[in-house]
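Take a look at the structure below.
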Amino acid sequence: ANFDKPTSGNIFFDDLDVVNLKEKKRDKYLCKHVGFIFQAYNLFEELTVKENVALGLKTSYKEIENKISLILDEVHLHGYENKKVKQLSGGEKQRVAIARALIKKPEIILCDEPCGNLDNVNSQIVSNILKRRSKQSLVVIVSHNLTDAYKYADRVITLHEGKILSDRI
């Protein structure tokens with residue numbers, strides 16, 4: 001993965017300024033410690049669910065199989081391992097994207113409108129998965145859906161044009 005560098009400011013993870021790391025080291029650090037979930041899924045349509053989820057793992061085949069099975073159970077996709085992504089619904093694709101982000105057990109999960117393309121039922125499923133995972137990792141969600149933000153979040157920071165309007169715990 002190749003991550004954009006901010007035009008100004010710094011980003012610290014555990015006192016490490018990742019902005020000033022060399023690009024390769026920064027990308028490697030973020031890939032290891034941060035899970036990303038996007039509104040548009042960012043999946044490889046021609047690959048299977050298992051192949052998409054396994055992209056972030058560097059381990060033995062048997063260990064990958066076990067980890068994939070466990071994470072697909074967590075996102076309610078048991079038995080989907082060999083389905084092609086192009087055969088899935090939007091909600092299923094988003095849960096594959098979540099599985100791919102969660103499988104490496106990141107310390108931080110950054111989500112860009114993870115429910116933006118989903119119906120209400122799938123939005124609730126995805127929100128509940130992320131809420132459960134927030135007990136193990138810091139989950140940061142960018143969303144325009146204030147109703148769900150107040151329903152699921154432990155803290156809601158409202159921004160407008162780069163300025164904080166409110167910060168509620």
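A short reminder: the numbers here are calculations on the coordinates, not readings from a lab. As the structure is a computational prediction, the values presented were derived from the model and not from experiment. Cβ coordinates were reconstructed from backbone atoms using ideal geometry, including for glycine residues, and neighbour counts include every protein chain displayed.
Values for this structure:
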item	result
Contour excess over end-to-end distance, with Cα ends at LYS163 and GLU46 and 0.36 nm allotted per residue	38.0 nm
Selection from ILE125, VAL142, VAL49, by position along the positive dipole direction of the chain (Cβ)	VAL49
Region 71-169 shape via C-alpha gyration tensor axes, a/c threshold 1.5	prolate
Charge dipole magnitude, Cβ of K and R +1, D and E -1 - the chain, Cα centre, debye nearest 20	380 debye
Shape category assigned to region 1-150 from the gyration tensor of Cα positions, a/c cut at 1.5	oblate
Hits among lysines - C-alpha to C-alpha of LYS151 under 24 Å, sequence gap 8 or more where chains match	LYS93, LYS131, LYS135, LYS163
Excluding exposed DSSP-loop trypsin sites (Lys or Arg not before Pro) (at most 15 other C-beta within 10 Å), longest clean stretch of the chain	84-134
DSSP-assigned coil residues among GluC sites (Glu not before Pro) in region 21-88, each with at most 13 further Cβ atoms within 10 Å	GLU45, GLU46
